[in-house]
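**Student:** My questions all concern the structure below.
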Amino acid sequence: RSPGEFYQLDLEMSFVEQEDVFNIVEQLMNNLFNKFSSKKMLYEKFPKIPYNVALEKYGTDKPDLRNPLIMKNITDIFNREDVKFDIFKKLVRSGSIVKAIITKNTKDKPRSFFDNIDKWAKEQGASGLAYFTFEKDKEIKGKGPVGKFFSGESLKEIMKTCNANIGDSIFLACGKEKEINKILSQARDKIAKDLKIIDENKNAFCWIIDYPMYEFDEISKKIIFSHNPFSMPQGNLKDLNFDKPLDIKAYQYDIVCNGVELSSGAIRNHIPELMYKLFSIAGYEKSDVDEKFSGMINALSFGAPPHGGMAPGIDRIVMLLANE
């Protein structure tokens, strides 16, 4: 993309709800990609994945759904007496979490395959990825550098939690949630590419929905907008609990294809009084809003219909169509 050049397919629709925008954009993308891409559409009706579920399962809000690998939180396993993996247990006691990725039927992969993933993770700035393979002799065992720290019973519990079988392998990371999601979302893509389990002949679209309106900023120690401050909060506006702003979700959404975000969008906030209230939670005075966003507030004060939309990037769409 050249500096200063960005083309977008911008649509704004009045008297719509979120589903109306989805229906129009899905028709558009189906027509566009069926006509101009050599790949098949994995889903004609795009899956809708809540933001927190996307982070939980994929570690990112831009998941490539052609990749079958998902992440599982197995933190509770490390509270067991029969798990002796003390490095992770100590971190869990101090508030860290443990997440895992299972690879199916990888018992015959050479040691170098696993070591390369661990080495790659260290190159990304992580402390590496622990791993072992589920084996069964007389009882279930973990084959690999850290497998010996887990009892047969604890391995059974991990297998149940992660839907794993004998012959599958597990990669583990421990730390703060944001750090873990970052490295494991990258590892998910890296492992899938190395195992060649991504179907390159498909286009997989999805919607990421239910973004939180606000988040807590660790640096400033304040509540800030997490996505788009001009979007409409979800729920009955009369009953919104502004005392718990971190619980408020917004009608904000992203459209993602093959792990590439094509656009963010939202149902817009068209009510000036509500706009002032939402900005006040993030520390803005009424005068700040009037000064910084005078064009918008003035326009909305004349009365505006409910409206929403989005603007997918044409350059990114062409990139995917051209397989570049």
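**Student:** Find, among the GluC sites (Glu not before Pro) in the stretch 43-145, those assigned to loop by DSSP (not H, G, I, E, B) with at most 14 other beta-carbon atoms within 10 angstrom. All intermediate terms of the calculation are to be shown ahead of the outcome.
**Tutor:** Numbers: sites: Glu44, Glu56, Glu81, Glu123, Glu135, Glu139; in loops: Glu44, Glu81, Glu139.
Hits after loop and neighbour filter: Glu44, Glu81, Glu139.
**Student:** Cut-off 20 Å, label point 7 angstrom out along Cα-to-Cβ of Ile219: give me the residues of the stretch 175-208 whose amide nitrogen falls inside.
**Tutor:** Those under the cut-off are 176-183.
**Student:** Tell me whether the stretch 173-216 comes out rounded, prolate or oblate; compute the Cα gyration tensor, take square roots of the eigenvalues as a ≥ b ≥ c, and use a/c under 1.5 as the rounded threshold. Display every interim value, and only then the final one.
**Tutor:** On the way: a/c = 5.56, a/b = 1.32, b/c = 4.21.
Taking the square roots of the gyration eigenvalues as a ≥ b ≥ c, the stretch 173-216 is oblate.
**Student:** Sort out for me the Cα centre separation of the stretch 281-305 from the stretch 24-53, rounded to whole Å.
**Tutor:** Here the answer is 35 Å between Cα centres.
**Student:** Can I ask one more? Compute the relative contact order of the stretch 221-262 as a whole-number percentage, counting only Cα pairs closer than 8 Å that sit 6 or more residues apart in sequence. Spell out each step's value before the answer.
**Tutor:** Details: 24 pairs, mean separation 14.5, N = 42.
Once normalised by length, the contact order is 35 percent.
**Student:** Pop out the carbon and sulfur fraction of the accessible area of the stretch 145-246 as a percent, whole number, probe 1.4 Å. Can you show the working numbers first?
**Tutor:** Numbers: 2640 of 5210 Å².
Of the solvent-accessible surface of the stretch 145-246, carbon and sulfur hold 51 percent.
**Student:** If you wrap a convex hull around the C-alpha atoms of the stretch 1-144 and split its volume per residue, what is the figure in Å³? Present the calculation step by step, with values, prior to reporting the outcome.
**Tutor:** Working: hull volume 34.8 nm³, N = 144.
In the stretch 1-144, the Cα hull volume divided by residue count equals 242 Å³.
**Student:** Could you check the spin-label model distance between Asp115 and Thr161? Points 7 Å from the Cα along Cα→Cβ, value in nm.
**Tutor:** In this crude label model, Asp115 to Thr161 measures out at 2.9 nm.
**Student:** Can you give the charge dipole size of the chain about its Cα centre, rounded to the nearest 20 debye, using +1 on the beta carbon of Lys and Arg and -1 on the beta carbon of Asp and Glu?
**Tutor:** Numbers: 47 positive and 47 negative charges, 315 e Å.
The calculation lands at about 1520 debye.
**Student:** Additional query: Apply the Debye scattering formula to the stretch 162-288, with a single equal point scatterer on each alpha-carbon and no solvent, then give log10 I(q)/I(0) at q = 0.14, 0.21 Å⁻¹.
**Tutor:** -0.82, -1.25
**Student:** According to the square roots a ≥ b ≥ c of the eigenvalues of the Cα gyration tensor, what is the shape class of the stretch 139-206, taking rounded for a/c under 1.5, prolate for a/b larger than b/c otherwise, and oblate for the remainder? Spell out each step's value before the answer.
**Tutor:** On the way: a/c = 2.30, a/b = 1.60, b/c = 1.44.
Prolate, because a/c is 1.5 or more and a/b exceeds b/c.
**Student:** Find the accessible area per residue for the chain; the probe is 1.4 Å, ligands and nucleic acids are left out, and the unit is Å². Before the final figure, lay out the partial values.
**Tutor:** Numbers: 17430 Å² over 324 residues.
Normalised by residue count, the accessible surface of the chain is 54 Å².
**Student:** Report the accessible area of Asp243, computed with a 1.4 Å probe over the heavy atoms of all protein chains in place, in Å² rounded to the nearest 10.
**Tutor:** So the heavy atoms of Asp243 present about 140 Å² to solvent.
**Student:** Continuing with this model, one more query. Specify which residue in the list Leu55, Leu65, Leu129 is farthest towards the positive end of the charge dipole of the stretch 35-146, using unit charges on the beta carbon of Lys, Arg (+1) and Asp, Glu (-1), about the Cα centre.
**Tutor:** Most positive-ward Cα: Leu65.
**Student:** To the nearest 10 Å², what's Ile223's accessible area with a 1.4 Å probe?
**Tutor:** In the full protein context, Ile223 sits at about 50 Å².
**Student:** Here's a follow-up. Once semi-axes √(5λ) of the Cα gyration tensor in Å is worked out from the coordinates, which option in (i) 42, 26, 16; (ii) 36, 30, 20; (iii) 27, 22, 21 does it equal?
**Tutor:** Matching the structure shown: (i).
**Student:** In addition: Classify the stretch 58-203: rounded, prolate or oblate, from the alpha-carbon gyration tensor (a ≥ b ≥ c, eigenvalue square roots; a/c under 1.5 rounded; otherwise prolate if a/b is larger than b/c)?
**Tutor:** oblate
**Student:** Please work out the FRET efficiency for the pair Lys90 and Ala304, using the Cβ-Cβ distance as r and a Förster radius of 41 Å; give the result to the nearest 0.05. Don't skip to the answer; put the middle values down first.
**Tutor:** Details: r = 55 Å, r/R0 = 1.35.
Rounded to the nearest 0.05, the efficiency is 0.15.
**Student:** Using only DSSP helix segments of four residues or longer, with each worth -39500 (n - 2.57), what per-residue ellipticity at 222 nm results for the chain after dividing by its residue count and rounding to 500?
**Tutor:** Values: 10 runs with 111 residues, N = 324.
Rounded to the nearest 500, the figure is -10500 deg cm²/dmol.
**Student:** Something else now. Using Cα centres only, tell me the gap between the stretch 197-269 and the stretch 80-154 in whole Å.
**Tutor:** 33 Å
**Student:** Longer than 31 Å from Cα to Cα, which of Lys40/Lys141; Lys39/Lys62; Lys39/Lys99; Lys62/Lys143; Lys148/Lys221 are they? Say none if no pair is.
**Tutor:** Details: Lys40/Lys141 41 Å; Lys39/Lys62 20 Å; Lys39/Lys99 33 Å; Lys62/Lys143 33 Å; Lys148/Lys221 42 Å.
Flagged as over cut-off: Lys40/Lys141; Lys39/Lys99; Lys62/Lys143; Lys148/Lys221.
**Student:** Count neighbours as other Cβ atoms within 10 Å of each site's Cβ, and list the trypsin sites (Lys or Arg not before Pro) in the stretch 126-155 that are DSSP loop with at most 14 such neighbours. Could you put the intermediate results ahead of the total?
**Tutor:** Values: sites: Lys136, Lys138, Lys141, Lys143, Lys148; in loops: Lys138.
Qualifying residues, ordered by number: Lys138.
**Student:** At a Förster distance of 22 Å, what's the computed FRET efficiency of Asp10 paired with Val260, Cβ-Cβ distance as r, to 0.05?
**Tutor:** Details: r = 19 Å, r/R0 = 0.84.
Efficiency, rounded to the nearest 0.05: 0.75.
**Student:** Within the stretch 211-269, report the chymotrypsin sites (Phe, Trp or Tyr not before Pro) that DSSP leaves as loop and that have at most 14 other Cβ atoms within 10 Å. Don't jump to the answer; show the numbers that get you there.
**Tutor:** Working: sites: Tyr214, Phe216, Phe225, Phe230, Phe242, Tyr251, Tyr253; in loops: Phe230, Phe242, Tyr251.
Listed in order of number, the matching sites are Phe242.
The values are calculated or read from the model by the stated rules, or taken from the named source; none is laboratory data. These numbers were taken from a predicted model, which means no experiment stands behind them. FYI the Cβ positions are ideal-geometry reconstructions off the backbone, even for glycines, and counts take in every protein chain you see. With ligands, DNA and RNA removed, areas are computed over all heavy atoms of the protein, side chains included. Shrake-Rupley method; radii C 1.70, N 1.55, O 1.52, S 1.80 Å.
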